Amino acid sequence: MSDATVDPRFRRKPPKRPLRLSWADERIRGIVWQVLVVGVIGSIIYWLWSNTVHNLEVRRIATGFGFLNREAGLPIAEHLIPYDPTDTYLRALTVGVLNTLKVAVVGIVLATILGTTIGIMRLSKNFLVSKIAGFYVEVIRDLPLLLQLLFWYTVMQGLPGPRQSMNPVEGVFLSNRGLLMPALQWEGAHTAAVLASVAGIVLAWLYGRSARAKQMADGQPRRIWPAAVALILGLPIAVWLALGAPWTISWPALRGFNFRGGMSISPEYAALLIGLVTYTAGFIAEVVRAGILSVNTGQWEAAQALGLRSGSVLRLIVLPQALRVIIPPMTSNYLNLTKNSSLAVAIGYQDIVSIANTTLNQTGQAIEGIAIIMAVYLTISLSISLFMNWYNARIALVER
Amino acid sequence: MVQFSRHSVFRMIGGALLASAMALPAAAQQAGSATLDAIRARGTLICGVNAGLAGFAQPDSQGVWRGFDVDYCRAVAVALFNDASKVRYVPTTAQNRFTALQSGEVDMLSRNTTLTLSRDTSLGFDFPAISFYDGQGFMVKTSLGVRTARELDGATICVQPGTTTEQNLTDWSRANRVRFTPVVIERLEDLVNAFVAGRCDAFTTDVSGLAATRAVQARPADYTILPDVISKEPLGPLVRHGDQRFSDLVRWIHFGLVAAEEFGITAANVQEAAASDARPEVQRMLGKNGDLGRMLGVDNVWLVNVLRATGNYGEMFDRSLTPIGIQRGPNALWTTPGGLQYAPPFR
């Protein structure tokens with residue numbers, strides 16, 4: 001991996017040979033082929049481009065991205081940022097991107113937790129536990145995702161109407177309009193507290209690192225947790241108290257047709273999230289199982305022989321080795337989950353595909369619309385890949 | 001790290017380029033009657049229809065497409081080939097219909113599509129005729145006890161994306177200060193299922209579509225169509241802009257159907273009328289005199305063939321739309337009070 005592994009014999013560059021203008025010269029042949037291939041591809045792209053532009057002109061189809069600043073007029077049920085149909089297409093598309101991220105990010109976290117749990121369950125020595133996990137994996141992996149999404153959406157629609165909604169706990173309502181919960185009235189002090197908690201996490205991490213460095217130096221273990229708790233919990237609470245401790249709860253209540261107030265999880269979002277998480281978890285479970293099995297039994301036995309407890313064996317010996325096998329296929333699963341979220345169209349969750357489709361339908365600019373969808377997915381997918389590759393490189397076996 | 005061989009990378013790129021090239025076939029790009037030439041060479045008309053809307057376009061139990069919009073496809077096929085079966089139907093959704101026509105995947109759309117200025121211009125289409133005058137309305141469950149659309153403040157409303165319906169709804173809600181939560185599902189069947197399951201309080205689309213949906217429910221009386229009509233929805237077939245010959249043909253087929261009703265010519269009596277009707281305009285229409293058919297680029301007895309296959313406008317309406325409870329209303333002939341269907345002279 002590093003320079004040290006390179007054989008010193010290959011460090012020296014081969015002697016330069018003058019170019020001979022002949023077919024027999026390997027380098028000339030290489031150049032000719034490359035020019036040819038680039039030329040052919042270039043002309044195909046040029047032909048496609050000019051043909052498209054010509055056709056659009058002939059049919060008087062508008063082109064360009066000017067439509068982004070026009071009023072969208074399309075209603076969107078769920079938005080993380082303020083949105084009104086009078087806003088522009090650009091803002092509507094931004095809402096769509098955020099909706100995609102909302103389901104992808106939460107989905108990746110939940111699928112990882114569920115998938116890892118099931119993967120470990122399948123390795124359990126308990127017959128029932130391992131068979132249940134095996135059954136889950138085999139069933140979930142074998143059914144098409146679209147079918148599962150439609151199934152979950154139908155289940156959601158089977159819930160009672162808002163006026164007969166289930167009310168298991170005070171202030172929590174479950175109906176075919178979604179899950180309604182009491183919510184904190186968000187104010188500036190809360191944002192400040194969240195930021196303080198983020199700062200606390202960073203500080204706690206830095207403190208932990210320096211404590212570990214000291215332990216390495218003098219062998220004395222140090223207690224980290226009191227300072228960490230103070231930083232991660234104490235700091236935000238202090239900030240919140242300093243800003244006047246606002247605490248107003250908004251309770252959902254049935255008014256007219258629907259619930260008002262509180263926070264809600266829509267049936268569309270819930271169906272999509274549950275479908276994506278349970279489906280992807282089936283694949284992640286197998287990845288985790290394979291990763292753990294890839295660690296030689298000798299490693300387990302050696303660790304146990306050292307007297308480590310089973311939790312420590314998993315955390316210190318097995319997982320660091322298993323992760324090297326797990327991370328690359330895990331990246332694929334994260335990418336799949338993100339891309340599969342475009343199936344949201346079928347169950348009416350307004351993600352980027354749904355909103356861009358509507359946009360291209362209303363403006364008639366299909367090429368631009370599809371280009372936007374592609375750019376969004378490419379950006380999200382590349383970001384996931386970059387992050388996972390960085391993480392993979394970090395945990396990779398350091399060879400010397 | 002996966003390494004692709006150079007060969008396979010190039011093949012992938014090439015495949016992608018070819019796929020995008022095929023979306024815009026060169027055959028459909030010239031002005032003139034490229035569409036007609038392509039249809040004649042192929043021997044069938046490819047007609048984009050609704051994927052399933054009772055009365056307008058729906059396959060029957062034998063898988064044969066039937067309905068008011070389908071009859072327009074059949075009429076065009078008869079005018080060209082004198083054979084109503086020479087049509088391939090392509091079911092389209094509200095969202096993919098325009099791309100299908102733009103890309104040349106279908107020759108024409110006959111699919112409850114509203115004529116608007118932007119669709120006529122920047123989308124690159126022509127609307128040859130208005131086959132059905134419609135308006136947008138709301139349907140609710142009767143048990144909800146709602147009488148007018150104004151009472152829907154705060155309701156959840158089911159709506160199809162990518163339609164004028166969606167935009168009319170937001171315009172109307174803004175003008176009337178009625179707030180609503182949308183549920184936006186692409187496939188009409190899924191949307192109707194969501195409405196029936198109670199996911200939404202109201203379902204909005206063109207009144208004809210509401211009537212068609214209501215008619216196929218197990219208990220139609222459980223649903224009420226509110227009296228409010230919040231928009232004008234002139235529906236009709238549409239073709240690509242720039243192919244005037246084809247556009248003319250579709251336009252005059254519609255006028256022929258309307259004029260035939262006005263003159264009392266039906267599927268049953270058209271043969272007799274072609275032989276013996278003494279009215280000069282009827283003789284020109286049915287090809288006994290003059291060469292109006294040839295001016296359109298089809299057989300001179302085109303309208304006789306069309307009427308034999310589909311009947312006149314009124315017969316088409318009675319066959320497909322009257323059974324699901326749609327009144328003639330503005331779609332009556334101009335000779336009836338309130339009627340808007342009017343055909344220019346056949347001369």
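For a quick check of your reading: which helices (runs of 4 or more DSSP H) sit entirely within the range B:239-347 and have at least 1 residues that are under 23 Å from B:Asp206 (Cβ atoms)? Break it down into steps so the answer makes sense when it comes.
Numbers: elements: B:244-262, B:270-276, B:280-285, B:292-296, B:302-310, B:313-320.
Output list reads B:244-262, B:302-310, B:313-320.
For a quick check of your reading: which helices (runs of 4 or more DSSP H) sit entirely within the range A:280-384 and have at least 3 residues that are buried (at least 19 other Cβ atoms within 10 Å of the Cβ) and away from chain B (no Cβ under 14 Å)? Break it down stepwise before answering.
Values: elements: A:297-305, A:319-340, A:344-347, A:352-363.
Filter on the range A:280-384 gives A:319-340.
Any chance the range B:197-204 includes a residue that's touching a helix residue (DSSP H, G or I) at 6+ places or on another chain (Cβ under 6 Å), away from chain A (no Cβ under 14 Å) and touching a residue at least 60 places away in the same chain (Cβ under 8 Å)?
There is no residue in the range B:197-204 that is touching a helix residue (DSSP H, G or I) at 6+ places or on another chain (Cβ under 6 Å), away from chain A (no Cβ under 14 Å) and touching a residue at least 60 places away in the same chain (Cβ under 8 Å).
Considering only residues that are in a loop (DSSP other than H, G, I, E, B) and within 22 Å of the chain's Cα centre (by Cα), which ones fall in the range A:259-279? Steps first, please.
From the range A:259-279, those in a loop (DSSP other than H, G, I, E, B) are A:261-262, A:266; that's our starting set.
Answer for the range A:259-279, where residues must be in a loop (DSSP other than H, G, I, E, B) and within 22 Å of the chain's Cα centre (by Cα): just A:Ser266.
Quick one: in the range B:195-243, of everything that is of a type in the set (Asp, Glu) and within 15 Å of the chain's Cα centre (by Cα), which residue is surrounded by the fewest Cβ atoms within 10 Å (Cβ to Cβ)?
The residue in question is B:Asp206.
Take A:Gly178 and tell me if it is under 30 Å from A:Ser354 (Cα atoms), within 14 Å of chain B (Cβ to nearest Cβ), of a type outside the set (S, T, N, Q) and free of Cβ contacts under 8 Å to residues at least 60 places away in the same chain.
Values: under 30 Å from A:Ser354 (Cα atoms): yes; within 14 Å of chain B (Cβ to nearest Cβ): yes; of a type outside the set (S, T, N, Q): yes; free of Cβ contacts under 8 Å to residues at least 60 places away in the same chain: no.
No; evaluated as a whole, the condition is false for this residue.
Which one is nearest to the other protein chains (Cβ to nearest Cβ) among residues in the range A:143-175 that are closer than 18 Å to B:Arg187 by Cα and of a type in the set (S, T, N, Q)?
Ranking the candidates gives A:Gln157 first.
Could you check the range A:171-226 and list, in sequence order, the residues that are under 29 Å from the mean Cα position of the chain (by Cα) and of a type in the set (Asp, Glu)?
A:Glu187
When only residues in the range B:150-192 that are touching a Lys or Arg at 6+ places or on another chain (Cβ under 8 Å) and among the small types (Gly, Ala, Ser) count, which is farthest from the other protein chains (Cβ to nearest Cβ)? Step through it out loud before you land on a result.
Pass one, the range B:150-192, residues touching a Lys or Arg at 6+ places or on another chain (Cβ under 8 Å): B:153-154, B:156, B:158, B:173, B:176, B:178, B:183.
So of that shortlist, the ones also among the small types (Gly, Ala, Ser) come out as B:154, B:173.
Numbers: B:Gly154: 4, B:Ser173: 8 Å.
Across the range B:150-192, the extreme among qualifying residues is B:Ser173.
Could you give me the residue pairs with C-beta distances under 6 Å whose first residue belongs to the range A:44-69 and is at the interface with chain B (Cβ under 7 Å from one of its Cβ atoms) and free of Cβ contacts under 8 Å to residues at least 12 places away in the same chain, whose second residue is surrounded by 14 or more Cβ atoms within 10 Å (Cβ to Cβ) and polar (S, T, N, Q) wherever it lies, and which are 6+ apart or on separate chains?
Partner pairs satisfying both residue conditions: A:Asn55/B:Gln29; A:Val58/B:Gln29.
Can you name the residue in the range B:244-254 that is touching a residue at least 60 places away in the same chain (Cβ under 8 Å) and more than 14 Å from chain A (Cβ to nearest Cβ) and, of all such residues, is surrounded by the fewest Cβ atoms within 10 Å (Cβ to Cβ)?
Only one residue fits best here, namely B:Arg245.
Does B:Ser143 qualify as being modelled with pLDDT of 90 or more and part of a helix (DSSP H, G or I)?
yes
How about the range B:48-74: which of its residues are acidic (Asp, Glu), within 18 Å of B:Thr205 (Cβ to Cβ) and free of Cβ contacts under 8 Å to residues at least 24 places away in the same chain?
Across the range B:48-74, there are no qualifying residues.
The values are calculated or read from the model by the stated rules, or taken from the named source; none is laboratory data. Quick caveat, the model's predicted, so the values are computed rather than measured. For neighbour counting, all protein chains shown are included, and Cβ atoms are generated from backbone atoms with ideal geometry for every residue, glycine included.
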